Amino acid sequence: MNASRRHFIKVSAVAGGAVALGAKSTSLFATKSIKPLRVLILGGTGFTGPFQVRYALSRGHKVTTFNRGKTHPGELPNEVEQLIGDRNGNLDALKNRQWDVVIDNPTTLPAWVRDAAQILKGNVDRYVFTSTISVYKDSKTGPDENSPLKKYDGPDPYKETLEAMKASGGKTYGPLKALSEKEAEKWFPGKTLVVRPGLIIGPRDESDRFTYWPVRIDRGGEVLAPGKPDDSVQYIDGRDLAEWTIRLAENGDTGIYNATGPAKPIGMGAMLDGIKDVLKSNATFTWANEKFLTDQKVQAWSDMPVWAGADDGITRANISRALAKGLTFRPFGETARDTLAWFKSWPQERQAHLKAGITPEREAEVLAALHKKAT
């Protein structure tokens, strides 16, 4: 067994509870009352995909994945049919095949939807597109599914690349996702389900956008906290998102749904306190207002993850439609605890370099400046 697979099985035990993705069989956990589906997952080896795979198998569905075979190879269970290809022009493995539902996880580019749809149209009953709440135009008010979307103003969206999107600093991310949604509905009219997640958190999140907080609070001591304790935050555990998506597919649902949480509004202070309580940390929180952080060049979302600062409308997305369709949330303490355990399963060199959040040295400088100002 290679190192990647050993680590994955270890992490899956943390992230998934009793059913590890590395297990030889999941047949014991099938739900016989559910009609088995043939599910094609485009991607399936990143953040939420493996949770979708595991949950779908546990409910008796037949799962096929399509990806390059380069991300976490060898991780998925033996029951999964794994097709190898590339969304950039190598889709041959999808030809002359039929599935009940396709779940498109990794797509940002409209051309990816178009190219896959040209092959899959007539061969799948429903198309599930994983989008984002970043599609919304106005970030100052809490959007619902009918709120205006961002407009793409580039020359030709079908010629866009991921490299160009990243080079834009992510500015074209939302507009391209919005166009990809429309592309899906164009090819699968009346058969498209669009899921718009907010910030996805939990084990397997390699962006560290939430992970920073359990790691930092676990370290204890004085912690720099952004804004005000009642500043709104939203997030969803990747496992809750994955499992709900599969249930929507089982029900044959279509339409558009904001997918974030928790069910009731929560502030930054309650989130940090929740992490502290479950980790039994001695951390204390020192709050710095937005103006002070801006003066210190401490940025919302990147230096202070989860906190949106002035753009807090995006953390008040209306999720009533998703709640009515059965979106549920595991206890937040479970997410925080599992996230930290997942992070600590990595080698020390990875743990030493968080991809989000302020560095300990910079945090100490900002706290010192804050205390000096207060005197």
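The values are calculated or read from the model by the stated rules, or taken from the named source; none is laboratory data. On a predicted model such as this, the values are computed, not experimentally measured, just so you know. Note: ideal-geometry Cβ built from the backbone for every residue, glycine included; neighbour counts use all protein chains shown. We work out accessible area using only protein heavy atoms, side chains counted, and drop any ligands, DNA or RNA first. Shrake-Rupley method; radii C 1.70, N 1.55, O 1.52, S 1.80 Å.
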- Query: Which of the residues spanning region 150-175 are touching a Lys or Arg at 6+ places or on another chain (Cβ under 6 Å) and either among the acidic types (D, E) or open to solvent by 30 Å² or more (accessible area, probe 1.4 Å) (or both)?
  - Reply: K150
- Message: Looking at region 256-285 only, could you name the residues that are open to solvent by less than 30 Å² (accessible area, probe 1.4 Å), in a strand (DSSP E or B) and touching a residue at least 60 places away in the same chain (Cβ under 8 Å)?
- Response: Y257, N258, A259, G261
- Message: Given the criteria open to solvent by less than 70 Å² (accessible area, probe 1.4 Å), charged (D, E, K, R) and free of Cβ contacts under 8 Å to residues at least 60 places away in the same chain, does R330 qualify?
- Response: no
- Task: State whether the residues of region 212-229 include one that is among the aromatic types (F, W, Y), touching a helix residue (DSSP H, G or I) at 6+ places or on another chain (Cβ under 6 Å) and either open to solvent by less than 10 Å² (accessible area, probe 1.4 Å) or within 30 Å of D104 (Cα to Cα) (or both).
- Result: yes
- Note on the structure: Picking from A56, A93, A116, the residue that is touching a strand residue (DSSP E or B) at 6+ places or on another chain (Cβ under 8 Å), open to solvent by less than 40 Å² (accessible area, probe 1.4 Å) and within 19 Å of R247 (Cβ to Cβ) would be A56
- If a residue has to be assigned to a helix (DSSP H, G or I) and touching a Ser or Thr at 6+ places or on another chain (Cβ under 6 Å) to count, how many in region 307-319 make the cut? 5
- Residue count, region 75-89, condition outside any strand (DSSP E or B), farther than 15 Å from D104 by Cβ and either of a type in the set (A, V, I, L, M, F, W, C) or in contact (Cβ under 8 Å) with a residue 40 or more places away in the chain (or both), comes to 6
- Scan region 182-199 for residues that are touching a residue at least 12 places away in the same chain (Cβ under 8 Å), in contact with a Ser or Thr (Cβ under 8 Å, 6 or more places away or on another chain) and open to solvent by 30 Å² or more (accessible area, probe 1.4 Å) and jot them down. G190, K191
- Exactly one of E250, E290 is within 19 Å of L193 (Cβ to Cβ), open to solvent by 20 Å² or more (accessible area, probe 1.4 Å) and among the charged types (D, E, K, R), and that one is E250
- Query: Would you call A322 assigned to a helix (DSSP H, G or I), open to solvent by 50 Å² or more (accessible area, probe 1.4 Å), among the hydrophobic types (A, V, I, L, M, F, W, C) and more than 17 Å from M268 (Cα to Cα)?
  - Reply: no
